[in-house]
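Structure first, then comments.
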Amino acid sequence: MIGYVTLGTNDLDRAARFYDALLGEFGAGRFMSSDRFVAWAVAPDKPALGVIKPYDGKAATVGNGTMVAMVVDTKAKVDALYKKAMELGASDEGAPGPRGDSGFYAAYFRDLDGNKLNFFHYG
């Protein structure tokens, strides 16, 4: 149902380098860009994640309660991507591990602009 999500940034080049390295770990690459935004996806017809300078020209701010969750195919991939995010300068919001008894395994972090994301595997 979701086509794409954008996250605000105040430093497009820095954010693009972070997501090039992080999302490249599971095969996502840039598929759209301009001087105001960059978007990544595993294929043009799949959901995408983008970083964007706010349209109104004001500083990007973090949405309280806003989070982007990205599904991956294994728990090991959750672990590896969380580790990569930390290496790239992300901040910890919850180390990899099970959440509850439902088979939900996730890791939470904030990107360089303070946006909250997670990688998860269910099963």
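None of the figures in this text is laboratory data; all of them are computed from the coordinates on show. Model, not experiment: these values are computed from the prediction. Neighbour counts run over all protein chains shown; Cβ positions are idealised from the backbone, glycine included.
Where in region 33-62 does the label zone of D13 land, with the point 7 angstrom along Cα→C-beta and an amide N cut-off under 17 Å?
Correct set: 34-38, 52-53.
Excluding F119 itself, what net charge comes from residues whose Cβ is under 11 Å from its Cβ, given Lys and Arg +1 and Asp and Glu -1?
With Lys, Arg at +1 and Asp, Glu at -1, the neighbours total +1.
In degrees between 0 and 90, to the nearest 10, how far off the longest principal axis of the chain does helix 75-87 point, with axes built from Cα atoms?
That helix lies at roughly 40 degrees to the long axis.
Any idea how far the Cα center of region 27-41 sits from the one of region 55-123, in Å?
19
Can you give me the relative contact order of the chain as a percent, contacts being Cα pairs under 8 Å and 6 or more apart?
24
What is the sum of charges around G8, taking Lys and Arg as +1, Asp and Glu as -1, for the other residues whose C-beta is under 12 Å from the C-beta of G8?
-1
Between T6 and residues 5 or more places away or on another chain, which pairs have amide H atoms under 5 Å apart, with H built 1.01 Å from N, and which residues are they?
G50
Working from Cα positions, state the angle (0 to 90°, nearest 10) between the long axis of helix 12-23 and the longest principal axis of the chain.
Long axis of 12-23 versus the principal axis of the chain: about 30 degrees.
Computed from the coordinates I sent, Cα extents along the principal axes in Å equals one of (1) 44, 32, 24; (2) 44, 29, 28; (3) 54, 38, 27. Tell me the label.
Structure-derived value, by its label: (2).
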